[in-house]
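See structure below.
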Amino acid sequence: MQKSGGNGRRRRRGGAAQMSEINITPFVDVMLVLLIIFMVAAPLLTVGVPVELPKTAASALPAEQEEPLTVTITAEGSVQIMTTETARDELIPKLRAVAAEREGDRVFLRADGAVPYSAVMEIMGALNAGGFSNIGLVTDIGGPTLDGTGN
C-alpha cells in the first residue's frame, strides 16, 4: 500500500505538518529590546535636581544596598530631600521621620558651588539633629588636587 503525499510523512487533518523544534528568535528579539530600554532608562532614575557641584580630587564612595538619601541645596538656597522641596523649619522633623524608616544613617549632601559655606554647615547641623551622623558630601571629579597635578 502506498502512502499519499509521496514523502513518507503523515499529515494532520488540516494539512500542516507538526512542528517539533522550538523557535527562540522572537524571545531573543524581545529580550534585546527590553535590554536597550533598560540601558536608556537607568541613567534617568537618579535624583534629578540640577546643581553645579564643586570639583574635587576625591574618589567615589562604594555603592550601598539601600538607596541613598540625598539632600540638595540649590543655588537659590532651597533645600530638597530627594526631589521634594522642604522648608528649612520643617527639615529636622522630616529628617527624623525618614531616619525612623531607614536602616542606615548615611545621607549624601549635594550643594551648589555658589552656596555659602555657612548655609551648608546649617544643613549639616540639621542632618545631625535629624538622626543622620554619617554625612557624605557629593562633588564632581576632576578638580584641583592642591599638589599641582590636578586641573
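Summary value for the stretch 47-141: 38 percent relative contact order, contacts being C-alpha pairs under 8 angstrom separated by 6+ residues. Other residues with beta-carbon under 12 Å from the beta-carbon of Thr72 carry, at +1 per Lys or Arg and -1 per Asp or Glu, a net charge of -3. Using alpha carbons only, the radius of gyration of the stretch 47-141 set against its Kirkwood radius gives Rg/Rh = 0.93. Under the combined filter of DSSP loop state and at most 13 neighbouring Cβ atoms within 10 Å, the stretch 93-147 retains these GluC sites (Glu not before Pro): Glu103.
FYI, it's all coordinate maths here, none of it is from the lab. Computed from a predicted model, the values in this text were never measured in an experiment. Cβ sites come from the backbone with ideal geometry, for glycine too, and all protein chains shown count toward neighbours.
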